[in-house]
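This report concerns only the one structure given below.
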Amino acid sequence: MYPPVIAFAKTMFRALNMKITILGEEHVPASGGAVIACNHISYLDFIFCGLGARQSRRLVRFMAKESIFRNRIGGPLMRGMHHIPVDRDAGMASYKAALAALKAGEVVGVFPEATIDRSFTIKDFKSGAVRLAAATGTPLVPMVLWGTQRFWTKGRPRDLTQRGVAITIRMGEPLHPTRKDNGDTVSAELRSRMKTMLVEVQRGYPQKPAGPDDLWWLPAHLGGTAPEPEVLEAEAQ
């Protein structure tokens with residue numbers, strides 16, 4: 001089912017005249033297992049994260065919330081594309097499924113923030129992406145997306161028919177963690193690289209908010225009205 005979904009997505013990209021820029025696609029290996037660690041700012045991120053691997057002709061198997069697989073529409077699509085359901089009450093099963101996919105030479109996509117970051121920065125990471133790469137000896141590819149939040153993000157209404165929206169997809173040089181490495185250290189390095197990449201992508205983004213009411217999709221440090229990370233942390237406590 002994966003190729004028809006990709007074809008449909010590309011048709012929609014053209015119909016909406018999206019301005020998609022893909023940078024660093026050479027960092028996704030053309031064969032063998034790999035873990036892609038991507039930031040998470042939109043409900044559509046898995047589509048664009050997967051697009052970043054297409055030049056290498058790879059299909060990304062995403063780890064996604066189990067509830068999506070129970071959706072009447074999304075469920076059959078997720079299962080048909082062999083994505084990996086994550087049940088937070090039984091996480092070991094999804095971890096083992098991801099390990100098996102990597103050992104079979106698949107590319108596994110992980111959102112290490114585990115949830116959409118409404119501050120549009122980079123939240124603290126869960127350890128899964130690093131542990132998977134280290135356990136299987138596969139490269140860990142950092143990726144950042146920007147612009148996807150303008151279509152559909154947490155706390156905002158969907159606006160899926162906008163035309164001409166710029167989307168930037170950037171991949172960085174892979175990390176190569178091993179079982180001997182300190183997982184926290186590797187995770188901190190991964191997060192640092194992704195923060196740097198995201199800042200660079202945000203600053204080079206070719207479009208600006210249309211006016212004061214459109215500032216919501218910019219982080220506070222760039223003059224936007226997205227909530228500060230500290231505010232979100234306080235709300236979560």
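Average projection, convex hull of the Cα set of the stretch 68-159: 7.2 square nanometres.
The modelled label-to-label distance for the pair TRP152/LEU99, using points 7 Å beyond Cα in the direction of Cβ, is 3.4 nm. Taking 0.36 nm per residue of sequence separation and removing the Cα-Cα distance, the GLU189/PHE13 pair yields an extension gain of 60.0 nm. Basic side chains Lys and Arg get +1 at the Cβ, acidic Asp and Glu get -1 at the Cβ, and with that the dipole of the stretch 95-237 about its Cα centre reaches some 460 debye. Taking all C-alpha pairs of the stretch 110-159, those more than 12 Å from each other amount to 70 percent. A 1.4 Å probe run over the protein chains yields, for the chain, 51 Å² of accessible area per residue, whole-number rounding. Compute the separation of the alpha-carbon centres of the stretch 112-154 and the stretch 181-237 and state it in Å as a whole number. The stretch 112-154 and the stretch 181-237 have Cα centres spaced 12 Å from each other.
Each Lys and Arg adds +1 at its Cβ and each Asp and Glu adds -1 at its Cβ; summed about the Cα centre, the stretch 26-103 shows a dipole of about 240 debye. What's log10 of I(q)/I(0) for the stretch 101-237 at q = 0.22 Å⁻¹, Debye sum over Cα points only, no solvent? The computed values of log10 I(q)/I(0) come out as -1.38.
For the chain, the ratio of Cα radius of gyration to the globular rule of thumb 2.2 N^0.38 Å stands at 0.97. DSSP bridge analysis restricted to the stretch 34-191 gives an antiparallel fraction near 25%, rounded to the nearest 5.
Taking the Cα centre as origin and putting +1 on Lys and Arg beta-carbons and -1 on Asp and Glu beta-carbons, what dipole magnitude results for the stretch 39-174, to the nearest 20 debye? It works out to roughly 320 debye.
Would you work out which of GLN162, GLN207, THR148 lies farthest towards the positive end of the dipole of the chain, given +1 charges on the beta-carbon of Lys and Arg and -1 on that of Asp and Glu, about the Cα centre? Going by the Cα projections, it comes out as GLN162. For a quick check, take a GNM of the chain with Cα springs below 10 Å and name the residue from HIS221, HIS176, HIS40 with the largest mean-square fluctuation. Fluctuation is largest for HIS221. The helix-only estimate of mean residue ellipticity at 222 nm for the chain, built from DSSP H runs of length n ≥ 4 each weighted as -39500 (n - 2.57), is -10500 deg cm²/dmol after division by the residue total. The phi-based Karplus calculation (6.51 cos²θ - 1.76 cosθ + 1.60; θ = phi - 60°) puts the 3J(HN,Hα) values of the stretch 17-26 at 6, 5, 9, 9, 10, 10, 10, x, 5, 5 Hz, whole numbers, x for Gly and Pro. Computed over the Cα atoms of the stretch 10-85, the ratio of the radius of gyration to the Kirkwood radius (Rg/Rh) comes to 0.97.
For HIS176, put the label point 7 Å out on the Cα→Cβ axis and report which residues of the stretch 109-138 keep their amide N under 13 Å from it. Answer for the stretch 109-138: 137-138. Spin-label pair VAL199-ASP87: with each label point 7 Å from Cα along the Cα-Cβ axis, the two points sit 4.2 nm from one another.
Solvent-accessible surface of protein heavy atoms, probed at 1.4 angstrom with all chains present, puts ASP87, ASP117 in the order ASP87, ASP117, largest first.
When the accessible area of the stretch 1-154 is computed with all protein chains present and a 1.4 Å probe, what percentage of it is carbon and sulfur?
Values: 3890 of 6820 Å².
Ligands and nucleic acids excluded, carbon and sulfur give 57 percent.
Put simply, the C-alpha atoms of the stretch 163-237 give a gyration tensor, and the ellipsoid matching it has half-axes of 30, 19, 8 Å, longest first.
The values are calculated or read from the model by the stated rules, or taken from the named source; none is laboratory data. This one's a predicted model, so the numbers in the text were calculated from it and none came from an experiment. Glycine also receives a Cβ, built like all others from the backbone with ideal geometry; neighbour counts cover every protein chain displayed. These accessible areas exclude ligands, DNA and RNA; they are computed on the full protein's heavy atoms, side chains included. Shrake-Rupley method; radii C 1.70, N 1.55, O 1.52, S 1.80 Å.
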